[in-house]
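**Student:** Quick one: the structure is below, and I'll ask about it shortly.
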Amino acid sequence: MTDTAAREEPPIGTSTRVLLHDLEVRRDRDDEWIVGRMTNRTFVALPAAGARAVELLGEGLSVGRTAETLRAETGEDFEIPDFVRDLAALGFVARIGDHPVPDGDPPPASLPWLRPGHVRFTLHPALHVLVGLLLTAAVVALVRHPRLLPGYRDLLWSRHGSLVLLTGAAAGWTLLLAHELAHLATARAAGVPGRMRLGTRLQFLVMQTDISGIELAPRRHRLTAYLAGIALNLSVASCILLVLVTTSTGTTVHRLLAAGLLLALMPLPFQLMVFTRTDLYFVLQDLTGCRNLYGDGLAYARHRFRRLLFPSTQRRQPGTPDPSTRLPPHERRAVRLYSVVLVAGTAACLAFMAAVTLPADLTLLVRAARGLGPGHSLARNADSVTVLVVLGGVNVLWLVTRWRNRRSAGAARAG
């Protein structure tokens, strides 16, 4: 069978009936519904008439009968054949008439052996109360022992830089994995498969968890899944702080715990960078009721940039209209405000990388390279190798991850 024949669309007439895959539906607003298929992690927002059309088609009504029913209920005419084609493109349709619709392989879930019943406790309100009590106890301990407030010197717990780098990398990646596992476990408890993988956010190498499908869960479960990673970091930091109170200052255990406390807290300021789609970005998107805060904000920023850069062209040829005007008023306001944060934050991050991060990395790498060779001591060689492996490895991993993800995104668009 040729590719053209495989992609040929079956005819859709008024008597055509379709078989839908198992779809899940949640009412989101008075006039909108979230409809999706958990298997292929695809979800869309439909108006009430669209959700009703899905319901009627799922009940076995023909295309013509569905259109007649909607006309009788709403007084409007709907192009149900086009609607069926859109559903098929989303992977929601198993068969159109007697023609099966090709279905791609579902994206693999991380830790498929982890069942919702295993992690149901992550959604229990008692756990939330426990995290709150733990954090409160840590704050009280910090007020009573302000000397335990972490500083950058706590990371330098050893005179050997290589040892600091190795332990810091090991602890940092362990905490990062635990952070993402918290997202995965909470989403899995809500019935969402979830998938963890490496990604990039501007110049940052990150681990991210795709929990597409959480949109169908109640808001409390959605927010719990978004905030689970932050809650885990705060819980780990609180436990370390409470143990620190019982240890003697200056001991190796105390220094290691102090370094661990800072490593647990260090990712939290990054969460405020909502322009990189952090955990708090998804909380903000949910609370503002926006469907795609980042995408819409980026489109609006590009529109304003074109108007600013080419004002004369815009006057002669009123080109693309403001993309935010198609959004509801509450979304429009949020998107326009977010676009300012998006542009300013991205510019600041890239400027910091050019002025600080990149020169510092290059300096460390050059020094490490110069520290190699028979003219240097064994300790100096070991230190240089460690810097090259840890720092160089992270930068290489960033490049590989970015290339791989961009290639995957390009392949998905081409498909």
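**Student:** Positive end of the dipole of the chain, charges at C-beta (+1 Lys, Arg; -1 Asp, Glu), about the Cα centre: which of Val385, Ala182, Phe282 has its Cα farthest in that direction?
**Tutor:** Among Val385, Ala182, Phe282, the one farthest towards the positive end of the dipole of the chain is Val385.
**Student:** Which one, [x] 27.5, 93; [y] 26.5, 89; [z] 22.4, 74, gives Rg and Dmax of the Cα atoms in Å as derived from the coordinates shown?
**Tutor:** The value computed from this structure is option [y].
**Student:** Turning to a different aspect of this structure: Just name one of Leu242, Ala259, Leu127: the one whose Cα is farthest towards the positive end of the charge dipole of the chain (beta-carbon charges, Lys/Arg +1, Asp/Glu -1).
**Tutor:** Checking the options against the dipole of the chain, the answer is Ala259.
**Student:** Moving on to the next point. What does the helix-only formula give at 222 nm for the chain: each DSSP H stretch with n ≥ 4 adding -39500 (n - 2.57), the total divided by the residues, and the result rounded to the nearest 500 deg cm²/dmol?
**Tutor:** Calculated from helices alone, the mean residue ellipticity at 222 nm is -18500 deg cm²/dmol.
**Student:** Right, here's the next one. Taking the Cα centre of the chain as the origin, how large is its charge dipole in debye, to the nearest 20, when only Lys and Arg (+1) and Asp and Glu (-1) carry charge on their Cβ atoms?
**Tutor:** 1820
**Student:** Distance between the C-alpha centers of segment 237-282 and segment 290-310? Whole Å please.
**Tutor:** Comparing the Cα centres of segment 237-282 and segment 290-310, I get a distance of 36 Å.
**Student:** Could you work out how far helix 80-89 tilts from the main Cα principal axis of the chain, as a 0 to 90 degree angle to the nearest 10?
**Tutor:** Compared with the principal axis, the helix lies near 30 degrees.
**Student:** Continuing with this model, one more query. Can you work out the FRET efficiency for the pair Leu133 and Asn405, with r the C-beta to C-beta distance and R0 = 51 Å, to the nearest 0.05?
**Tutor:** 0.80
**Student:** Which residues does a label at Val389 reach in segment 157-188, if reach means a backbone N under 14 Å from a point 7 Å past the Cα toward the Cβ?
**Tutor:** 162-170
**Student:** Under 1.5 on a/c is rounded, so check that first for segment 96-216, then, if it is not, pick prolate when a/b is larger than b/c and oblate when it is not; a ≥ b ≥ c are the square roots of the alpha carbon gyration tensor eigenvalues.
**Tutor:** In terms of gyration-tensor shape, oblate.
**Student:** Rounded to whole Hz and in sequence order, give me ³J(HN,Hα) for segment 327-336 from the Karplus expression 6.51 cos²θ - 1.76 cosθ + 1.60, θ = phi - 60°, writing x for Gly and Pro.
**Tutor:** Each residue of segment 327-336 in turn: 8, x, x, 5, 6, 4, 5, 5, 5, 5 Hz.
**Student:** Is there a quick way to get the dipole size of segment 141-298? I mean about its Cα centre, with the Cβ of Lys and Arg at +1 and of Asp and Glu at -1; what is the value in debye to the nearest 20?
**Tutor:** 240
**Student:** Taking GluC sites (Glu not before Pro) as candidate sites, keep only those in a DSSP loop with at most 13 other Cβ atoms within 10 Å, then name the longest stretch of the chain containing none of them.
**Tutor:** In short, 80-415.
**Student:** Short version: ³J(HN,Hα) in whole Hz for each residue of segment 11-26, in order, from phi by Karplus 6.51 cos²θ - 1.76 cosθ + 1.60 (θ = phi - 60°), x for Gly and Pro, what are they?
**Tutor:** Result, rounded to whole Hz: x, 10, x, 5, 8, 5, 10, 10, 10, 8, 5, 5, 10, 10, 10, 9.
**Student:** Largest first and in whole Å, what are the equivalent-ellipsoid semi-axes of segment 9-100 based on the Cα gyration tensor, each being the root of 5 times an eigenvalue?
**Tutor:** Over the Cα atoms of segment 9-100, the semi-axes work out to 19, 18, 9 Å.
**Student:** Using +1 at the Cβ of each Lys and Arg and -1 at the Cβ of each Asp and Glu in the chain, identify which of Pro146, Gly50, Asn292 lies farthest towards the dipole's positive end.
**Tutor:** Farthest towards the positive pole: Pro146.
**Student:** Calculate the spin-label point distance for Arg17 paired with Val366, positioning each point 7 Å from the Cα along the beta-carbon direction, and give it in nanometres.
**Tutor:** So the two model labels end up 7.5 nm from each other.
**Student:** Arrange the following residues from fewest to most other Cβ atoms within 10 Å of their Cβ: Trp403, Trp157, Trp398, Trp113.
**Tutor:** Trp113, Trp403, Trp398, Trp157
**Student:** To the nearest 20 debye, what is the magnitude of the charge dipole of segment 9-100 about its Cα centre, counting +1 on the Cβ of each Lys and Arg and -1 on the Cβ of each Asp and Glu?
**Tutor:** Dipole size: approximately 320 debye.
**Student:** How about segment 98-190: which trypsin sites (Lys or Arg not before Pro) there lie in a loop by DSSP and see at most 11 other Cβ atoms within 10 Å?
**Tutor:** Taking segment 98-190 and a limit of 11 other Cβ atoms within 10 Å, the loop trypsin sites (Lys or Arg not before Pro) found are Arg159.
Taken together, the values in this text are just the output of simple stated rules run on the coordinates, not laboratory data. A quick note: this is a predicted structure, and the numbers were derived from the prediction, not measured. All Cβ positions, glycine included, derive from the backbone under ideal geometry; neighbour counts span all protein chains shown.
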